[in-house]
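I have placed the structure first, in the form of structure tokens, so that the comments after it can refer back to it.
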Amino acid sequence: MARPADLLQGTLDVLILKTLTLEPMHGWGITLRIQQISGEVLQVRPGALYPALSRLEHQGWITAKWATTEAGRRAKYYSLTRAGRHQLEREAEQWRRLSGAVTTIVDMA
Amino acid sequence: MPTRLHHRVVAALRSFVHRDAVEHELDDELRFHLEQLEAHQVARGSARTDAPLEARRRFGGFEQVKEACRDMRTLRPLEEFLRDLRSGVRLLVRSPVFAVVSILSLALAIGANTVMFSVVDAVLLRPLPYRFPEQLAMLWTEDPTQNLREGRSAHWNVEQWRSQSQSFADMATFDAVSKTLTGADEAEQIVGASISPNLLPLLGVQPVQGRNFSTEEAEQRQRLVLISHRLWQARFGGSNDAIGATIVLDGLPSQIIGILPVGFQIARLDADVWEPHTISEDRETRNSVRGGDTWFVVGRLRPNVTFDQAQAEMSAIASRLNDQLPAADRNRGVSVVPLSRHMVGSQSRLALWMLGGAVFCVLLIAAANVASLALARSVGRAREMAVRAALGAGAGRIVRQLLTESVVLTVVSGLIGTLLAVAGIRLIRAYGPGNLARLNEVSLDLRVLGWALVISLLTGMLVGLAPAITTLRRDLRPSGEEGGRSISAGASSRRIRRALVVAEFALAIVLLVGAGLLVRSWWHVESIDAGFRPERVLAMELSSPSAFSLPAQRADLYHRVLEQIGAVPGVESAGIIGDLFIGNTREQVLTTEGDNGAVSERLRFQRDEVSADFFKALGTPLLRGRFFSVVDGPDAPRVAIINDAFARRSWPGRDPVGRRFKLGPRDADGPWYTVVGVVADMRRQGLEREPVPQMFESLAQNPPRSVDLFIRTSTDDSLAMAGALRAAVRRVEKHAPIYGVAPLEEQLGTYVAQRRFQTSLLTGFSVVALLMAAVGIYGLIQYSIATRTQEIGLRMAIGAQAGDIFRMIIAEGLTLSLTGLALGLVGAWWLGRAGSSLLFGVTATDPLTFMTVSLLLTAVAAAACYFPARRAMKVEPIVALRQA
């Protein structure tokens, strides 16, 4: 099965961690949030999202808790751990450097 | 505040321990996502009926997503391993016949391999228990003109070697001596060792208590003694009081100064008392001997000196020394033999490696059989594998599953095999050949257990590999074409199985030919005439107490003992000889009177003293002349009975009776002996060795200090008379030590014990190999018919007769077995030459053995194919075709 998001695995991790800085969220919420904020540019498929969440949880960057949604449905909410916050800072910094470099090259006259 | 590590551990453990709950949550979580996606689709205007399908499509494969999530778990590899383990066990439980057959055959093979390894390890691989044992060597005197190899040496020579050699750091001498240990109630005959004071330091062995004797003490001929750990326990109960205590050896007190470590031996000399080599009474005469004497010599090489360098130097020294020796003695050389090689001779080494190889072949055959069975099953499991692949299992994952399943099988077999090995090791220690050095060290230790584990795992890999490879080669697409009932089902797996059967037969042939050759050798050895009839004869050894120091006293003692024994009911005849079984004979100069006057020559020769009825008691036939009688007393002229080998050598074609000979050169002081009789050759050095020239003189004329007694009884259980015979001797002399009471047949048996051991083991292995190969071909043919039922039905429908089908199946089986036979015969021919030194009276290419084995194997293969072929004949074409 082709998973375009695989190429951006590190990127997806940053996106998830960043999304969770605001509040604990379930997988569907993360999908929606990334989609909205990116102006529908980034589509996160479940086949990429859930393995990434599982990995981040086993890495200790995020932690999960079951809670009830506004509609009264139980869902698994993920929240950032303290270590996760630091990790986000590191990865965000790396991403800025990388994207800045790529932009510089692409925009070169 | 929980740390990152804490989160990680919690996550890892939770998904491992509460696996069901975690799985449930994963399912819930994904389902929630799907529901939301569905609602989202509806909100975006999809028709309510299309929404679920659309959501499903967008979501992707539900099970694949789950599998991808599981792959992210920290303990995932362990989880998978356990699951494979469970599925492996379930699989075995589900097909009990396969499980029992496989586990039993593998357990037998692994058990046998473990036992064999424990023997090879103890006897050949483990270093000797001395400091830097790889530097130790035995030094032997040799004389090619006398066919003397590994001869013992004289003290004078050893001193010359020691002072002239640069290669050796030191050399020590030792010899075995028989000692009478007088205790409170009874005298006992024990093995003693006479050693130079530097022996223990040279070996790097320290007494566990007390000390070694010094060079000065040895020079002063002080009666000091070190005792074995065994004697220390038996006599002193391991008490510290032993040091300084006195024991009486040969009637004289000796002071104990040290206790040796448990099991201490040197070059298979396992003595209870170790004395300075200077103590012996004939020390002065022995020190003057040049050339050959009775000392064993062990040397330690200097660091970084090889055995070859040492040998070269010793040969040079020996040739220099020859100029200082008497003229008849100038062909002496020295051979340097690594101690480890001396301990276990090249024949035993070869035999052990051969048995080790044979038992490994049995394991290979068993593994091939189980692999073949597993292959047959793997064809049936093709669909299962395809489904697994469809659910997201990668190729590596599936191979890992198959390997784990087979490793489960072999580890269970390995456990049972190890239990069998425990029993096997007990058997080997109890019934193995006693003359194989270090066999008493065989035990089930960590090394042996490690070996059992390694071969179990390797077998598991071998067994699992074939199904894994064919599974990989097959497309893992879920079409299930090959899994279906088609004629080409498992074509590649059938090719592998055919190859396995051919290999099994080839290996079985090699083993069978080897066993056949050994059995033929065994028959040859058994049919050898030992020169005496050992049945119903009881042997015992008798020492004369030290009070009997004069020859006349001893002659009288032996005479009265024979009288008393002869009076015991059930005794037919009784005789005495100095020593019946002899090791390497010493060479000596002999002067014989022939047609052309007296001739002196040096030869390996044996001299003994016998009582009048000795040959009668042993059943050795008299060829010419007469036996001894009362007239051959101490004051009568010296007479001798000689053996046939002596007669043939010194008086070829003449009657030796009445001729004279003397020991030593013509001008020696010794008496001339007149030959009065010739007896048949007795094989006293082992059945497989040609007898050397031997002379027997009258016991009355030269009674030795200790003798062998042989009593021919009228009962088959001669040992039952031991008590009565012992009492008869006691009536003559209360303190005479009696020991080594055993039926003569049993004593003779130790000579052939090693041959019997290797022959029966190899025969056992090869029979097991043959049976396994037969089971293998039976299974293959059976399976091949099962998968070809349609084809057979079709053939019959278009006119094939039952006989044609029968011939077709038999031909298939015979093609395989004959291919294996051809390969195996080549292998056997090649290996046979390497092992030819183990054979006796038969060549390594013995046509009879090769033909018998070929016929046997073909018959077994035909029988194994016969039953499935009979069943194939009964196939109903209609039924077979309907199944299509």
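Counting every other Cβ atom within 10 Å of each residue's Cβ, A:Glu93, A:Glu57 order from fewest to most as A:Glu93, A:Glu57. Note on B:Leu104, B:Leu409, B:Leu231: ascending count of other Cβ atoms within 10 Å places them as B:Leu104, B:Leu231, B:Leu409, the fewest first. Residue by residue, segment B:163-172 carries 3J(HN,Hα) couplings of 6, 8, 7, 9, 6, 9, 6, 6, 9, 10 Hz when phi is fed to the Karplus relation 6.51 cos²θ - 1.76 cosθ + 1.60 (θ = phi - 60°); x denotes Gly or Pro. Shown here for segment B:510-578: GluC sites (Glu not before Pro) in loop regions (DSSP other than H, G, I, E, B) with at most 16 other Cβ atoms within 10 Å, namely B:Glu535. Volume per residue of the convex hull around the Cα atoms, evaluated for the protein assembly as shown, comes out as 305 Å³. Karplus couplings for segment B:206-213 from phi (6.51 cos²θ - 1.76 cosθ + 1.60, θ = phi - 60°), rounded to Hz, Gly and Pro as x? These are the phi-based 3J(HN,Hα) values: 9, x, 6, 9, x, 8, 8, 8 Hz. Counted over chain B, the DSSP beta bridges are approximately 80% antiparallel.
From the Kirkwood radius over Cα pairs of segment B:643-736, Stokes-Einstein at 4 °C and 1.567 mPa s returns a whole-number translational diffusion coefficient of 77 µm²/s. For segment B:658-775, the residue among B:Ser714, B:Leu770, B:Pro671 whose Cα projects farthest onto the positive side of the dipole built from Cβ charges is B:Pro671. Simple spin-label estimate for B:Ser629 and B:Val248 gives 4.2 nm between the two label positions (7 Å along the Cα-to-Cβ direction from each Cα).
Paramagnetic label reach from B:Ser714 (point 7 Å along Cα→Cβ; backbone nitrogen cut-off under 17 Å): within segment B:522-539, residues B:536-538. The charge dipole of segment B:58-156, taken about the Cα centre with unit charges on the Cβ atoms of Lys, Arg (+1) and Asp, Glu (-1), comes to about 700 debye, rounded to the nearest 20. Close amide H pairs (under 5 Å, H built 1.01 Å from N) link B:Gln209 with B:Ile259, residues at least 5 positions away or on another chain. Cα extents for chain B along the principal axes, largest to smallest and rounded to whole angstrom: 135, 86, 58. For segment A:10-106, the percent of C-alpha pairs falling in each 10 Å distance bin, counted from 0 to the bin holding the largest distance, reads 15, 46, 31, 7, 2. Sort segment B:824-871 into rounded, prolate or oblate with this rule: let a ≥ b ≥ c be the square roots of the eigenvalues of the Cα gyration tensor; rounded if a/c is under 1.5, and if a/c is not under 1.5, prolate when a/b is larger than b/c, oblate otherwise. Judged from the Cα gyration tensor, segment B:824-871 comes out prolate (a/c at least 1.5, a/b above b/c).
Positive-end ranking of B:Thr620, B:His524, B:Val589 along the dipole of segment B:513-636, with charges on Cβ about the Cα centre, is headed by B:His524. This model, with +1 at the C-beta of Lys and Arg and -1 at the C-beta of Asp and Glu, gives chain B a dipole about its Cα centre of some 3460 debye.
Restricting the trypsin sites (Lys or Arg not before Pro) of segment B:604-636 to loop positions (DSSP other than H, G, I, E, B) with no more than 16 neighbouring Cβ atoms within 10 Å leaves B:Arg626. Using a cut-off of under 14 Å, list every residue of segment B:842-884 whose amide N is near the label point 7 Å from the Cα of B:Ala797 along the Cα-to-beta-carbon line. Once the point is set 7 Å along Cα→Cβ of B:Ala797, B:876-884 turn out to lie under 14 Å by backbone N, inside segment B:842-884.
Taking 0.692 mPa s as the viscosity and 37 °C as the temperature, the Stokes-Einstein diffusion coefficient of segment B:546-734 based on its alpha-carbon Kirkwood radius rounds to 187 µm²/s.
Applying the Karplus relation 6.51 cos²θ - 1.76 cosθ + 1.60 with θ = phi - 60° to segment B:418-424 yields 3J(HN,Hα) values of 5, 4, 4, 5, 4, 5, x Hz, where x marks Gly and Pro. Charge dipole (Cα centre; +1 on Lys/Arg Cβ, -1 on Asp/Glu Cβ; no other charges) of segment B:546-734 amounts to roughly 160 debye. Taking every lysine pair in the protein assembly as shown that is 8 or more places apart or spans two chains, those with Cα atoms closer than 20 Å amount to 6.
Here segment B:524-614 is treated as an ellipsoid with the same Cα gyration tensor; its semi-axes, largest first and in whole Å, are 30, 22, 13. Stokes-Einstein diffusion for segment B:803-884, with the hydrodynamic radius set to the Kirkwood value over Cα pairs and evaluated at 4 °C in a medium of 1.567 mPa s, equals 85 µm²/s. With a Förster radius of 45 Å applied to the C-beta separation of B:Ala567 and B:Val599, the computed FRET efficiency comes to 0.45.
Of the trypsin sites (Lys or Arg not before Pro) in segment B:16-49, the ones in a loop by DSSP (not H, G, I, E or B) with at most 14 other beta carbons within 10 Å are B:Arg44, B:Arg48.
Per the Debye formula on identical point scatterers at the alpha carbon atoms of segment B:133-343, with no solvent, log10 I(q)/I(0) at q = 0.16 Å⁻¹ is -1.05. Note on A:Ser38 and A:Arg82: the extension gain reaches 13.3 nm, defined as 0.36 nm multiplied by sequence separation minus the Cα-Cα distance.
In this label model, B:Leu856 and B:Val9 are separated by 6.4 nm, measuring between points 7 Å along each Cα→Cβ vector. Proximity of backbone amide H atoms, modeled 1.01 Å from N, is registered between B:Ala169 and B:Arg300, B:Leu301, B:Arg302 at under 5 Å, excluding neighbours fewer than 5 places apart on the same chain.
Estimated from the Cβ-Cβ distance and a Förster radius of 41 angstrom, the FRET efficiency linking B:Arg648 and B:Arg131 is about 0.25. With both labels modelled 7 Å from their Cα along Cα-to-Cβ, the B:Leu104 to B:Gln64 distance reads 4.8 nm. Think of the protein assembly as shown as having a plus end and a minus end, set by charges on the Cβ of Lys, Arg, Asp and Glu; of B:Val879, B:Gly204, B:Gly357, B:Val879 sits farthest toward the positive end of this dipole. The residues B:Ser650, B:Ser102, B:Ser288, B:Ser46, when put in order of fewest to most other Cβ atoms within 10 Å, stand as B:Ser288, B:Ser46, B:Ser650, B:Ser102.
Near the amide H of B:Gln189, within less than 5 Å, lie the amide hydrogens of B:Leu181, all on another chain or at least 5 residues away, with H placed in the peptide plane.
Throughout, read-outs are computed from the coordinates displayed, never taken from laboratory work. Everything numeric here is computed off the predicted structure, so don't read it as measured data. Every residue, glycine as well, gets a Cβ built from its backbone with ideal geometry; the counts of neighbours run over all protein chains shown.
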